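This report refers to the structure that appears directly beneath it.
The values are calculated or read from the model by the stated rules, or taken from the named source; none is laboratory data. Since we're looking at a predicted model, the values are computed, not measured. Glycine also receives a Cβ, built like all others from the backbone with ideal geometry; neighbour counts cover every protein chain displayed.
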Amino acid sequence: MLKSRTILFLVLFYFVLINTIPFLLPYGGIGGDFSQYIKIAKDLPQLTDNLFPIGFPIFLRIFETFTAEYFYSSLLLKSVCFIFIILFSYKKNFYFIETVFVMMIKSSIWIFIHQGSEYITLPFLYLYIYVLHQYFNGTLKPNKFLIYSTILGFVLCTIRYANIFIFISILPFIICFWKRFHVYRKTLFTSAVLVGISFFLYLLYNYISVGSLAGENNRINNELDTFWFDTYVDFIGVINISNPFFYLKTFEYSSTVKLMISLLFISLDIFLWRCCWKITKNNKNTLVTFLLFIAIANALLTFFAAILQGIEPLGIRLLFSSSYLFWFAILILIRENKFLSDKLLIIFCLFSLVFNAIIIVKNPINFIAYKNNVEEFIVYKKIKPLYYFDDDKKVEETTYKIPFTPKTFQYIHENRQPDFIYQAILNSINPSIIYLRDNPKNINPQNIIYSSQLNEFIAHKKSH
């Protein structure tokens, strides 16, 4: 048995990491999608864009009332999500150890460090797993299950459109396990239909408000030149679900070395699938069977959707729900059947957590210093940040020393360049800001932020 202080240490260590690492990243964990969520949040209650659903922006807007800005709103929100899951699991005695362990695999640490809708998905996904568990155990009556699952399903779909695949996956599950789960199939089918109806009503609201169901006009894959390579990359992303330690980065195979490294990693993922298959071979746990099937079916549906839409490569973020469901189920089986000791599981989970934290941070930078400087510059110059132009084209090289030798080499990190950092910060201040590619003409200079001005302002502050 694990000691309480060991689990407490893991929880506190994790909490410190997810609240510290964003400050060490050049972009603060802010991606392009986050700026769109901020834009939607600022426009609420009016809906002006539906490329992304409204759920995450609503939560950001609520928490913004406490923080007065959206970057810290996101940090506070993810802390609340994490604490809620841990306390709920402990209070309900619902696979508490497994819940802590699954937080430490690669997908969980990545989504809690970056600013995105995935971490707000997790509390509702976790509650859905709990409701399923209660229903399968006979603790929750079918009528109550339908109410809870429909509400949770609707919320999940208004946070991420792709979450509807979780409930679509219920239909092939019923067919594949028609006899084995005949007791549950009617209720599960009804729950999937109810979630589908509620989601359709939400899409109808989108259409009435904006003129499209889910921003589908911006989701068609027209990049036929890279279609097959993109499909291959997406397939590798699905294969990588079996790997709890690291994300498989695919290469453009310009050299034999890169090809061999990639094949090695793919072979490792396939080996891990074989290990997981052996773990699940004699499984009789109803919840585990359901979660494993839904995880894989959801990943395949996401894969085919990616082919049609041409969205970003399927990686940790887009396949997070599948990865979480899959490894939550696997960890339940590992501990139920004692395939590995808890001490060994702690070693594996800590390795995954620390390894991914190091990979994410790589070369730490003081993001808050940059953020404060940009905000001070805007106030000092009385500039309304409507446009941004990188006129300085400043490039900063990072120097590395080869261990045990006097030799050094330089490397240019894209995400450490001033232009990259400024864009991430400006996105959080004004998500509608326009980035100019050419020298601006016929635009009021008072509405333009120049990178050279920012660089001079920061250099002046450092010199005093």
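What to note about this one:
- Total residues in the stretch 48-89, condition closer than 22 Å to SER108 by Cα and either in contact (Cβ under 8 Å) with a residue 40 or more places away in the chain or β-branched (Val, Ile, Thr) (or both): 19
Matching residues to (1) in a helix (DSSP H, G or I); (2) under 23 Å from PRO22 (Cβ atoms); (3) in contact with a strand residue (DSSP E or B) (Cβ under 8 Å, 6 or more places away or on another chain):
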residue: LEU340; (1), (2), (3): no, no, no
residue: LYS343; (1), (2), (3): yes, no, no
residue: SER352; (1), (2), (3): yes, yes, no
residue: ILE359; (1), (2), (3): yes, yes, no
residue: ILE365; (1), (2), (3): no, yes, no
residue: TYR370; (1), (2), (3): yes, yes, no
residue: ASN373; (1), (2), (3): yes, yes, no
residue: ILE378; (1), (2), (3): yes, yes, yes
residue: ILE383; (1), (2), (3): no, no, yes
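- Criterion (modelled with pLDDT of 95 or more, farther than 23 Å from ALA306 by Cβ and either surrounded by fewer than 19 Cβ atoms within 10 Å (Cβ to Cβ) or more than 26 Å from the chain's Cα centre (by Cα) (or both)) met by exactly one of ILE175, ILE147, ILE208: ILE147
- For the stretch 118-135, taking the residues that are touching a Phe, Trp or Tyr at 6+ places or on another chain (Cβ under 6 Å) and over 19 Å from TYR247 (Cβ atoms), the one that is surrounded by the most Cβ atoms within 10 Å (Cβ to Cβ) is identified as ILE120.
- Of the helices (runs of 4 or more DSSP H) lying entirely inside the stretch 1-84, the ones with 1 or more residues being surrounded by fewer than 21 Cβ atoms within 10 Å (Cβ to Cβ) and in contact with an Asp or Glu (Cβ under 7 Å, 6 or more places away or on another chain) are found at 32-43.
- For PHE94: the one exception among (1) closer than 22 Å to ILE18 by Cβ; (2) assigned to a helix (DSSP H, G or I); (3) out of contact with any Lys or Arg (no Cβ under 6 Å at 6 or more places or on another chain): (2)
- Looking across GLY138, GLY215, one residue alone is modelled with pLDDT under 95 and touching a Phe, Trp or Tyr at 6+ places or on another chain (Cβ under 8 Å). It is GLY215.
- Test: residue in the stretch 249-265 that is modelled with pLDDT of 85 or more and part of a helix (DSSP H, G or I): no
- Being modelled with pLDDT of 80 or more, small (Gly, Ala, Ser), in a loop (DSSP other than H, G, I, E, B) and surrounded by fewer than 17 Cβ atoms within 10 Å (Cβ to Cβ) is a description that does not apply to SER452.
- Every residue from the stretch 394-423 that is loosely packed, with under 13 Cβ neighbours inside 10 Å and touching a residue at least 24 places away in the same chain (Cβ under 8 Å): THR398
- Across the stretch 430-463, the number of residues qualifying as charged (D, E, K, R) and more than 20 Å from ALA369 (Cβ to Cβ) comes to 3.
- Which numbered condition TYR388 misses (of (1) modelled with pLDDT of 80 or more; (2) not in a strand (DSSP E or B)): (2)
- Qualifying residue in the stretch 179-192 (condition: assigned to a helix (DSSP H, G or I), without any contact (Cβ under 8 Å) to a residue 12 or more places away in the chain and among the hydrophobic types (A, V, I, L, M, F, W, C)): no
- Positions within the stretch 305-319 being buried (at least 24 other Cβ atoms within 10 Å of the Cβ) and assigned to a helix (DSSP H, G or I), in sequence order: ALA306
- Residue match in the stretch 52-69 (condition: among the hydroxyl-bearing types (Ser, Thr, Tyr) and at pLDDT below 85): no
- Checked against the criterion of being in a loop (DSSP other than H, G, I, E, B), among the hydroxyl-bearing types (Ser, Thr, Tyr) and either over 28 Å from LEU44 (Cβ atoms) or in contact with a His (Cβ under 7 Å, 6 or more places away or on another chain) (or both), the stretch 403-410 contains one or more residues that satisfy it.
- Some residue of the stretch 427-439 being over 31 Å from the mean Cα position of the chain (by Cα), at pLDDT below 85 and either assigned to a loop (DSSP other than H, G, I, E, B) or exposed (fewer than 13 other Cβ atoms within 10 Å of the Cβ) (or both): yes
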